[in-house]
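Below you'll find the structure, written out as structure tokens, and then a few comments.
The values are calculated or read from the model by the stated rules, or taken from the named source; none is laboratory data. Bear in mind the structure is a predicted one, so any value in this text is a computation, not a measurement. Every residue, glycine among them, receives a Cβ derived from its backbone with ideal geometry; neighbour counts consider all protein chains shown. The protein model used for the area step is the full one, side chains on, heavy atoms only, and it has no ligands, DNA or RNA in it. Shrake-Rupley method; radii C 1.70, N 1.55, O 1.52, S 1.80 Å.
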Amino acid sequence: MNRSRVVASTIAVVAALVTLFPIYWMVLSAFKPPGEIQSLEVRPWTLHPTLESFRRVLGGEDFGRYFLNSLGVALTVVVLSAVVAFLAAVAVTRFHFRFRTTVLIMFLIAQMVPVEALTIPLFFLVRDIGAVVPGVGLNTLGSLIMVHLAFSLPFAIWMMRGFVAAVPEALEEAATIDGASRAVILWRILFPLVAPGLVATSVFSFIAAWNDFIFARTFIISAKDNQTLPAALLVFFKPDENDWGGIMAASTLMTIPVLIFFVAVQRRLVAGLGGAVKD
């Protein structure tokens, strides 16, 4: 093993440790008793693990409802963004129309605008839309789905464009000669080949919607039943003393669906387009 490889491996290990340490500390704090969390003697271990923090979180008011709200919003955004991004990517890649380049540039520009700069304008926009379409107004989960869908689509479409462009048009031409319709080509030939790209974009969409706090706090004002998990964590922040055990336990529980989702789709993430065309 040469020197450069050793240096690269060392850097990779250090980077992994730096990345994993906050997660380890979060899980550790979730299992620590309150006395150890508040102790001035900080130790990276505990000899008296307890589930008390998890009991407070799971026994809290409407935790299950908040969990289902977050899960429903995230999964809906994933499905809608995947379908729309796939169809839009096919449109901008396979069809030539006026202002196509302008549309692609707008996708890039949309990703450059910070979320914080759009929060207040989106608040008034959602309020006005809710006056016409109540299902997507303030205090509804529909507003969160609509906003997250709008933010996830530019990145998803731009990424999917590369996957669609990588599929040879010869496949579609051969299917057309064999009598396949446009719908058959789209869903039975092109869709399976770009599935790795859809999975990759879905992971980003799921994480963004699942961990959202700004929009959930801004749009869900008084409807407590429609709160999501990140916003519900505020119950553990108290004026006199924060419940760090509850915060860490709730945060640990919040990471579980993300891990499950990633494990479920990780095979597709590493799948390529090799072997799609046979000579």
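Could you tell me how far the Cα centroid of region 1-37 sits from the Cα centroid of region 144-208, in Å?
A separation of 36 Å, based on Cα centres.
Evaluate the Kirkwood expression for the hydrodynamic radius of the chain, namely the inverse of the mean inverse distance over all pairs of different C-alpha atoms, and round to one decimal in Å.
Hydrodynamic radius (Kirkwood, Cα only) of the chain equals 22.0 Å.
If I take the Cα coordinates of region 1-49 and project them onto the principal axes, what are the three extents in Å, biggest first?
Principal extents (Cα only, largest first): 49, 17, 15 Å.
Can you give the relative contact order of the chain as a percent, counting alpha carbon pairs under 8 Å and 6+ residues apart? Write down the numbers at each step before the final one.
Numbers: 268 pairs, mean separation 81.1, N = 279.
In percent, rounded to a whole number, it is 29.
Mind listing the Cα extents of region 139-182 along all three principal axes, in Å, largest one first?
The Cα atoms of region 139-182 stretch 52, 21, 7 Å along the principal axes, largest first.
Within region 86-138, which chymotrypsin sites (Phe, Trp or Tyr not before Pro) sit in a loop by DSSP and count at most 12 neighbouring Cβ atoms inside 10 Å?
Details: sites: F86, F95, F97, F99, F107, F123, F124; in loops: F95, F97, F99.
Here the sparse-neighbourhood loop sites are F95, F97, F99.
What's the ranking of 16-22, 168-174 by average number of surrounding C-beta atoms within 10 Å, highest first?
Put in order of decreasing packing, that is 168-174, 16-22.
Take the alpha-carbon positions of region 68-130, form their convex hull, and give its projected area averaged over all directions (one quarter of the hull surface) in nm².
Projected area, direction-averaged: 6.0 nm².
Counting only trypsin sites (Lys or Arg not before Pro) that are in a DSSP loop and have at most 11 other C-beta atoms within 10 Å, tell me the longest site-free stretch of the chain.
Value returned for the longest uninterrupted segment is 99-277.
Can you send over the carbon and sulfur percentage of the accessible area for the chain, probe radius 1.4 Å, protein chains only? List each step's numbers first, then the result.
Values: 11250 of 16520 Å².
Ligands and nucleic acids excluded, carbon and sulfur reach 68 percent.
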